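Engineer: Can you read through this structure? Questions will come right after.
Read-outs: derived from the displayed coordinates by stated rules, not from any lab. Given the structure is predicted, the values throughout are model-derived calculations rather than measurements. Using ideal geometry, Cβ is built from the backbone for each residue, glycine included, and neighbour counts are taken over all protein chains shown.
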Amino acid sequence: MSSLTGGNPVHDLGYISNGLTTSLEQLVVSNEVIGMVRCIMLGFEINEETLAGFFNILLFLLFHFTIGEKAAMLFRSTGINM
């Protein structure tokens, strides 16, 4: 939340049990989260090309992992080839 207001100091990485214990695993997880937040704060480019790419990925995931063969028949009937 502090990054939304422009704050950037990060401290207490890797601490668990109210700061009484240090964990190397928690340090790695905290570092990953901080990297994700910094990436999100850079922003996203949204235009027709990026939206089209997102839509294609979404269709691929829906087809292959959730709705299977019925979706394949629907896509084939509309001319979308998966």
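Engineer: Using each residue's phi in region 30-45, evaluate 6.51 cos²θ - 1.76 cosθ + 1.60 at θ = phi - 60° and report the 3J(HN,Hα) Karplus result to the nearest Hz, with x for Gly and Pro.
Structural biologist: 4, 4, 4, 5, 4, x, 5, 4, 4, 5, 5, 5, 5, x, 10, 8
Engineer: Here's something else I'd like to know. At R0 = 41 Å, how high is the FRET efficiency between N18 and H64 if r is their beta carbon distance? Nearest 0.05 is fine.
Structural biologist: The value I calculate is 0.40.
Engineer: Another one. Is the shape of region 2-42 best called rounded, prolate or oblate, per the rule: a/c under 1.5 gives rounded, else a/b larger than b/c gives prolate, else oblate, with a ≥ b ≥ c the square roots of the Cα gyration tensor eigenvalues?
Structural biologist: Because a/c hits 1.5 or more and a/b fails to exceed b/c, region 2-42 counts as oblate.
Engineer: Assuming 0.36 nm per residue, please report the length gained on full extension of the stretch N31 to F54 beyond their Cα-Cα distance.
Structural biologist: Taking N31 through F54 to full extension adds about 5.6 nm, to one decimal.
Engineer: Another one. Which cross-chain or sequence-distant (5 or more) residues have an amide H under 5 Å from the amide H of G14, H modelled 1.01 Å from N in plane?
Structural biologist: Excluding prolines and chain starts, which carry no amide H, the hits are L27, S30.
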